[in-house]
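S.K.: For reference, the structure I am asking about is given below.
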Amino acid sequence: MSVKEKFLDYIRFDTQSDETTRVTPSTEKQKDLGRHLVENMKQIGIEDAFMDEWGYVYGTVPANCERKNTIGFIAHMDTSPDFSGKDVKARIIENYDGTDIVLNEELGIVTAVKDFPNLLQHVGKTLIVTDGTTLLGADDKAGIAEIMQAVNDLLHSDIPHGKIRIAFTPDEEVGGGTAKFDVEGFGCDFAYTVDGGDLGELEYENFNGASAKVTVTGRNVHPGSAKDKMINASKIAMEFDSLLPQREVPENTEGYEGFAHLLAFNGEVEHAELIYLIRDHDKAKLDARKDKFLLAADFLNRKYGRELVKAEVRDGYLNMKEMILPHMQIIDIAKEAMKKNGVEPKIVPIRGGTDGAALSFMGLPCPNMCTGGDNMHGKHEFAVLESMETIVEIIKSIAEIAE
Ligand SMILES: [Zn+2]
């Protein structure tokens with residue numbers, strides 16, 4: 001089977017994860033793909049392939065020559081809870097001509113070039129798209145297919161390489177992808193998550209993440225007799241938000257610019273609640289952003305002369321950069337492997353988290369690389385077949401180059 005056939009095979013499995021179930025895996029159906037992958041791995045000669053009780057799949061490609069390091073490749077099996085991944089009907093567009101893509105004539109769903117100018121980079125290529133009723137699942141089944149194809153090729157060639165371990169994990173999309181990851185059992189000196197976007201992307205910096213919950217306690221009185229008595233929690237919640245840096249929000253920032261994102265607002269007169277995500281690549285700047293929440297709450301409590309506003313800030317994930325910097329050869333190997341296959345590496349900071357960050361802090365340095373997928377988590381998701389084929393070669397080159 002080719003990487004294309006593998007990919008089309010894996011996206012038949014509905015592996016949507018669920019952030020509400022609080023178990024691992026968050027949805028039992030992810031194990032159906034896990035079992036299928038174990039079978040596939042055994043078929044191509046990965047004898048020790050297995051799935052553990054939490055749905056993590058592991059396997060080994062033995063070394064065929066002496067090498068210092070054991071390297072790992074990791075991809076996730078689940079798809080985003082944001083959009084359905086059931087009954088994915090993929091369509092292949094050969095020699096893409098750069099025009100709008102009608103995903104679904106009947107439902108009038110179109111991927112328009114004016115909305116997604118990134119399409120124009122792929123003129124002449126083979127695109128894999130959806131029928132507009134589901135996501136595609138290139139995030140991250142493209143990564144799984146690429147790893148599977150690469151290890152298949154390595155097992156049936158005489159390309160010299162050291163010991164390689166592969167892992168397919170559940171629940172990345174709901175922040176649980178590393179909860180039960182067996183770093184010790186995996187036994188790698190370093191690894192790569194194959195879970196990025198456009199061909200050439202290589203990432204070893206991600207946001208530091210925190211969150212804030214702001215609660216406002218008001219006092220409801222009949223509006224006709226409310227003078228000097230009513231305290232409108234919703235109005236104070238709006239005032240709270242106005243005290244935060246107004247330009248530093250996701251819709252106005254890019255690159256290394258951090259933000260506070262108002263994720264949810266629930267309010268009436270008696271009570272209001274605001275939920276924020278706070279993000280910055282720089283830890284000191286993140287801490288300063290967190291302080292602003294406490295300062296704004298304090299300011300309003302003083303202004304109104306009572307404790308109306310409570311801001312609770314919680315830390316989330318950390319930027320993996322500090323864990324990768326002492327091991328920059330991991331990045332150099334990936335860069336060299338890309339160049340060897342005619343791809344210019346693009347090192348970009350991730351504006352989010354990644355499983356590799358958590359793994360890096362668990363002792364497994366783990367940058368992230370491209371899959372060839374784009375427009376993830378929705379109906380406009382697509383994958384570029386030629387990119388996927390090149391990434392298979394890049395993975396093989398990493399195995400060959402790594403000492
Ligand atoms: Zn992903």
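S.K.: By how many nm would the segment from Asp315 to Glu106 lengthen if fully extended, with 0.36 nm per residue of separation less the alpha-carbon distance?
M.R.: Length gained, Asp315 through Glu106: 70.6 nm.
S.K.: Let me ask something else about it. Would you list Val113, Val194 from the most to the least accessible area, probe 1.4 Å?
M.R.: Val113, Val194
S.K.: Would you work out which of Gln149, Val221, Ile92 lies farthest towards the positive end of the dipole of the chain, given +1 charges on the beta-carbon of Lys and Arg and -1 on that of Asp and Glu, about the Cα centre?
M.R.: Sorting the options by dipole projection puts first Val221.
S.K.: On each of the three principal axes of the Cα atoms of the chain, give max minus min coordinate, whole Å, ordered largest first.
M.R.: Principal-axis extents of the chain (Cα, largest first): 84, 52, 39 Å.
S.K.: Quick check on my link table: of Lys235/Lys379; Lys42/Lys180; Lys213/Lys235; Lys4/Lys89, which ones sit more than 25 Å apart, alpha carbon to alpha carbon?
M.R.: Lys235/Lys379
S.K.: Of the beta bridges DSSP finds with both residues in the chain, what % are antiparallel, to the nearest 5?
M.R.: So the antiparallel bridges in the chain amount to around 75 percent.
S.K.: Just to confirm, what accessible area per residue do you get for the chain at 1.4 Å probe, in whole Å²?
M.R.: 45
S.K.: May I ask for the distance between the Cα centers of the range 268-322 and the range 339-403, given as a whole number of Å?
M.R.: Each part reduced to its Cα centre gives a spacing of 33 Å.
S.K.: Further question: Heavy atoms only, 1.4 Å probe, whole protein assembly: order Glu400, Glu312, Glu172, Glu94 by accessible area, highest first.
M.R.: Largest to smallest exposure gives the sequence Glu94, Glu312, Glu400, Glu172.
S.K.: Mind grabbing the accessible area of Cys370 for me, 1.4 Å probe, Å², rounded to tens?
M.R.: 0
S.K.: Express the carbon and sulfur contribution to the solvent-accessible surface of the range 208-315 as a percent, rounded to the nearest whole number, probe 1.4 angstrom.
M.R.: Carbon and sulfur atoms account for 52 percent of the accessible area of the range 208-315.
S.K.: Report, in debye and to the nearest 20, how large the dipole of the range 189-313 comes out about its Cα centre when Lys and Arg carry +1 and Asp and Glu carry -1 on their Cβ.
M.R.: Result for the range 189-313 is approximately 1180 debye, rounded to the nearest 20.
S.K.: Rounded to the nearest 0.05, what FRET efficiency do Val23 and Phe299 have when you use their Cβ-Cβ distance and R0 = 45 Å?
M.R.: 0.60
S.K.: Can you find, among Leu294, Ile159, Thr60, the residue farthest towards the positive end of the dipole of the chain? Put +1 on the C-beta of Lys and Arg, -1 on that of Asp and Glu.
M.R.: It is Leu294.
S.K.: So, taking all protein chains as they sit and a 1.4 Å probe, how much accessible area belongs to Ile347, in Å² rounded to tens?
M.R.: Probe radius 1.4 Å; accessible area of Ile347 about 70 Å².
S.K.: Also, quick follow-up: Over the heavy atoms of His380, what accessible area does a 1.4 Å probe trace out, to the nearest 10 Å²?
M.R.: Surface open to solvent at His380 totals about 40 Å².
S.K.: Between Phe265 and Lys340, take the C-beta separation as r, use R0 = 41 Å, and let me know the FRET efficiency to the nearest 0.05.
M.R.: It comes to 0.25.
S.K.: Under the Kirkwood approximation for Rh and a Cα-based Rg, what ratio Rg/Rh is obtained for the range 247-403?
M.R.: My calculation of the ratio gives 1.10.
S.K.: Compute the Cα gyration tensor for the range 208-315, then decide on rounded, prolate or oblate, letting a ≥ b ≥ c be the square roots of its eigenvalues: rounded whenever a/c is under 1.5, prolate when a/b is larger than b/c in the other cases, and oblate in all that remain.
M.R.: Prolate, since a/c reaches 1.5 and a/b exceeds b/c.
S.K.: For the pair Ala284 and Ser157, how long in nm is the line joining their label points, each one 7 Å along Cα→Cβ?
M.R.: 4.7
The values are calculated or read from the model by the stated rules, or taken from the named source; none is laboratory data. Quantities reported herein were computed from a predicted structural model and do not represent experimental measurements. All Cβ positions, glycine included, derive from the backbone under ideal geometry; neighbour counts span all protein chains shown. Protein only, heavy atoms only, side chains kept; ligands, DNA and RNA dropped before computing areas. Shrake-Rupley method; radii C 1.70, N 1.55, O 1.52, S 1.80 Å.
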